[in-house]
1. Which is over 18 Å from residue 11 (Cα atoms) and at pLDDT below 95, of 61, 53, 90, 127?
2. Just checking, does the range 71-82 include any residue being among the polar types (S, T, N, Q) and either within 24 Å of residue 27 (Cβ to Cβ) or modelled with pLDDT under 90 (or both)?
3. With the requirement that a residue be surrounded by fewer than 17 Cβ atoms within 10 Å (Cβ to Cβ) and either more than 19 Å from residue 140 (Cβ to Cβ) or of a type in the set (S, T, N, Q) (or both), what does the range 86-97 give you?
4. So, in the range 100-143, exactly how many residues are out of contact with any Pro (no Cβ under 8 Å at 6 or more places or on another chain) and either within 30 Å of residue 74 (Cα to Cα) or open to solvent by 70 Å² or more (accessible area, probe 1.4 Å) (or both)?
Amino acid sequence: MPLVATWCERAHVAEVGRELEYCHAFYGLADGGAIAFFQFAEPAHYELFKAQHPKQARFGHIAVKVDRATFEDIQRRLKSYGIAYRLTYHGYCQSVYLMTPDELKLEFTRDPDNVHDIAARRRSDAHAELKRWLAGGRTPNNTDHKSSFA
């Protein structure tokens, strides 16, 4: 599986009450999807999150990419049924997170209008960014928070 994107992130995580630094590495699948893994700057955070029940786990979840119409329909249906969800703009995608009835975290994502530009840039530097992260470079590379989600 080829490494297709490496996102070096720094974000406030409510579960620990402060910013965390982590790397999100995406490996491409034959159907165009990806499987992604997290690595935390502090090993104790890995231990904390791997031990959590899926209901509390921020980093352990399944993500499914959908088109704009489906994404909007999912939000509409969740609202109409009173099901709690979280909407997040990652820059490189927009996500709706929810809990399934069996307490698994599920994410639906949709791409921004400039997804091909973002993907090409991350594909071109995926190995260099992962190498930088592993060597201790913690500067975030997610500069796409102004992506267009028309």
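1. None of the other options fit; the residue is 53.
2. Checked against the condition, which is being among the polar types (S, T, N, Q) and either within 24 Å of residue 27 (Cβ to Cβ) or modelled with pLDDT under 90 (or both), the range 71-82 yields no hits at all.
3. 86, 87, 88, listed by residue number.
4. Result for the range 100-143: 29.
Matching residues to (1) surrounded by 12 or more Cβ atoms within 10 Å (Cβ to Cβ); (2) polar (S, T, N, Q); (3) assigned to a strand (DSSP E or B):
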site: 21; (1), (2), (3): yes, no, yes
site: 37; (1), (2), (3): no, no, yes
site: 64; (1), (2), (3): no, no, yes
site: 77; (1), (2), (3): no, no, no
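The values are calculated or read from the model by the stated rules, or taken from the named source; none is laboratory data. This one's a predicted model, so the numbers in the text were calculated from it and none came from an experiment. Cβ sites come from the backbone with ideal geometry, for glycine too, and all protein chains shown count toward neighbours. We work out accessible area using only protein heavy atoms, side chains counted, and drop any ligands, DNA or RNA first. Shrake-Rupley method; radii C 1.70, N 1.55, O 1.52, S 1.80 Å.
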